[in-house]
Amino acid sequence: IINRNTGTPLGTALVRMESSHQAAVAIGDLNGCQLNGGGRGHILSCRFAHEKRTPPSSTTNLYISGLPEDVTEGSLKELFAAFGNVVSQKIIINRNTGAPLGTALVRMETNDQANTCISNLHGSKMNGGKFLTVRFAADKGNKHT
């Protein structure tokens, strides 16, 4: 699939199989396999087109909301580092005003560390502000985990 605006590939494809059985076999054989194109390894995620995408149990990406206006990259990293190794963090900024939106993305080193962050920080307050929502970034449907 190609991005209409840029003409670059999105890294996604749709494949039509002759039968649902053939599709199921292909999904079973290819899902989770590593593709070494362009010198970088990519893990294939294969599913039926009509199935909802579910985040892998190994996800380490967290979405945080309810952050105070004065949050910094350093204070965010410090908060999450208490529960493991923070690989990266990004405070989401309003493009028009340049002000923080009160949301951020944090990537932990392991899924266990990410789960520990959720268990310890979801529903807590940072600097006496609002209650934090901490959940897996890909898990839009379930806002409590």
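The values are calculated or read from the model by the stated rules, or taken from the named source; none is laboratory data. It should be emphasised that the depicted structure is a prediction, and the values quoted were computed from it without experimental measurement. Here the Cβ is made from the backbone with ideal geometry for all residues, glycine too, and neighbour counts use every protein chain on show. Ligands, DNA and RNA are stripped out before the accessible areas are found, and what is left, the full protein with its side chains, is counted by its heavy atoms. Shrake-Rupley method; radii C 1.70, N 1.55, O 1.52, S 1.80 Å.
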Pairs returned, first residue in the range 1-18 that is closer than 18 Å to Leu44 by Cα and at pLDDT below 85, second residue that is not aliphatic (A, V, I, L, M) and not in a strand (DSSP E or B), beta-carbon separation under 8 angstrom, 6 or more apart or interchain, are Ile1/Thr12; Ile2/Thr8; Pro9/Asn3; Leu10/Asn3
Filter the range 98-108 for residues that are modelled with pLDDT of 90 or more and over 18 Å from Lys130 (Cβ atoms); the one that is least open to solvent (accessible area, probe 1.4 Å) is Met108
Residues of the range 40-66 being at pLDDT below 60 and touching a strand residue (DSSP E or B) at 6+ places or on another chain (Cβ under 8 Å), in sequence order, are Pro55
Only unsatisfied item for Arg95, checking (1) modelled with pLDDT under 90; (2) surrounded by 18 or more Cβ atoms within 10 Å (Cβ to Cβ), is (2)
Contact list, first residue from the range 75-89 and on the phi > 0 side of the Ramachandran plot and surrounded by 15 or more Cβ atoms within 10 Å (Cβ to Cβ), second anywhere and assigned to a strand (DSSP E or B) and hydrophobic (A, V, I, L, M, F, W, C), beta-carbon distance below 6 Å, six or more apart or interchain, is Gly84/Met108
